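The values are calculated or read from the model by the stated rules, or taken from the named source; none is laboratory data. The structure presented is a predicted model; accordingly, all values stated were derived computationally and were not measured. Neighbour counts are summed over all protein chains in view; Cβ atoms, including those assigned to glycine, are modelled from backbone coordinates with ideal geometry. Calculation scope for accessible area: heavy atoms of the full protein, side chains included, ligands and nucleic acids excluded. Shrake-Rupley method; radii C 1.70, N 1.55, O 1.52, S 1.80 Å.
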Amino acid sequence: MTWIKDNKFLVALIGGTLIGMVALYFVGSKAASTYQTAKEEFDAAAADASSFERLALYPRQENRDGKTKALDDYRESVKALQAAFEPFRSAEIANVSPQEFTDRLKSVNAEVIEAFTSSETKFPEAFFSGFEEYRTSLANKDATGLMGYQLGTIKSLMLALSKSGASELRNFHRVPLPEEQGRKFTPQPNDVARPMPLEITFTGSEKSVREFLSTITKTEGNFVVIRTLRVINTKKEPPRAGDAKFEAPPRSSDSFDSPDSTGSDDFGAGFALPGEQAPAETTEADAPPPPPPAPPKDSSRILSQVLGNEEVHVFLRLDVLQFLPAKPLP
């Protein structure tokens with residue numbers, strides 16, 4: 001104890017040194033832990049940055065310019081597509097009075113029936129251009145505009161069907177519009193057109209089907225899309241040999257009972273009656289050469305009489321599209 005009292009400064013210095021060493025140890029340990037954590041975070045961030053630099057669209061100047069060009073090209077292609085559909089985009093459709101729509105419906109139906117009659121195309125007895133429920137009732141005044149737009153397309157389709165040479169319109173169905181029941185049509189955010197479904201079932205030759213389908217894609221002022229197409233042959237079984245029709249073959253000119261090319265009958269040539277001079281014998285050298293064999297006839301004509309004359313039943317589900325107003329691009 002005496003030494004401590006005699007050396008107070010030295011004892012204080014040693015004690016302060018010990019306390020400083022302990023404090024420095026704790027501070028250093030904490031700093032080392034913080035450094036290690038920071039280093040690990042830095043290494044992870046550096047690894048992520050390296051992986052990002054290897055990507056195709058790393059945010060460099062050239063990549064940003066390429067992305068801007070791609071967006072501009074896409075915007076121009078969308079504008080071109082909107083311009084291509086512009087002729088099919090109907091103007092504002094105005095409603096008319098229910099009686100005015102009914103008068104137009106009767107006029108269109110009479111024109112279609114006259115076309116079917118002229119082309120000898122059979123049609124259902126209750127046919128009324130898909131608006132059979134309005135034969136005895138008036139339409140909703142708030143739906144007459146859209147129904148008139150749809151009626152114009154139906155008229156074009158039915159006239160095209162009669163012109164194609166189809167033999168029978170078996171069924172025609174129009175899906176009612178929501179506005180006819182007083183409801184409202186609400187398009188989805190990504191919709192660009194409104195579909196108006198139609199179903200047509202008819203019978204005709206293969207040629208009439210091709211002509212009608214070709215006409216659908218050329219309907220003036222309307223855009224019609226084929227959603228479903230089903231074709232069934234009217235003949236359920238394959239053709240048989242008995243279905244072939246053969247023409248009578250022409251008589252051969254070299255048969256034994258036919259006259260020769262001079263018109264004389266050479267049957268019995270080489271024989272002489274009593275008092276007549278026997279004709280000179282004909283040697284093989286003097287005999288005319290036999291005519292060349294006739295080429296075989298093409299048998300495809302026989303197949304054409306068996307196949308291709310049958311008709312087909314066709315079911316079509318169509319969508320008459322009413323294009324919605326073009327959306328502004330961002």
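Quick notes on this one:
- Qualifying residue in the stretch 67-82 (condition: free of Cβ contacts under 8 Å to residues at least 24 places away in the same chain, β-branched (Val, Ile, Thr) and open to solvent by less than 80 Å² (accessible area, probe 1.4 Å)): yes
- The C-beta contact set for the stretch 310-330 (first residue within 24 Å of PHE212 (Cβ to Cβ) and in a loop (DSSP other than H, G, I, E, B), second residue modelled with pLDDT of 90 or more and open to solvent by 30 Å² or more (accessible area, probe 1.4 Å), distance under 6 angstrom, 6+ apart or interchain) comprises GLU311/SER205.
- Qualifying positions in the stretch 149-161 - open to solvent by less than 10 Å² (accessible area, probe 1.4 Å) and either on the phi > 0 side of the Ramachandran plot or of a type outside the set (A, V, I, L, M, F, W, C) (or both): GLN150, THR153
- Qualifying residue in the stretch 227-241 (condition: at pLDDT below 70 and either more than 28 Å from SER164 (Cα to Cα) or open to solvent by less than 60 Å² (accessible area, probe 1.4 Å) (or both)): yes
- Scanning the stretch 185-221 for residues that are part of a helix (DSSP H, G or I), open to solvent by 40 Å² or more (accessible area, probe 1.4 Å) and in contact with a strand residue (DSSP E or B) (Cβ under 7 Å, 6 or more places away or on another chain) gives a single hit, GLU206.
- Any hit, the stretch 137-158, residues being free of Cβ contacts under 8 Å to residues at least 24 places away in the same chain, within 24 Å of ALA94 (Cβ to Cβ) and part of a loop (DSSP other than H, G, I, E, B): yes
- Residue count for the stretch 159-171, restricted to those that are outside any helix (DSSP H, G or I) and farther than 19 Å from ALA110 by Cβ: 6
- Among the residues listed as THR186, THR153, the single one being polar (S, T, N, Q), closer than 21 Å to LEU324 by Cβ and modelled with pLDDT of 90 or more: THR153
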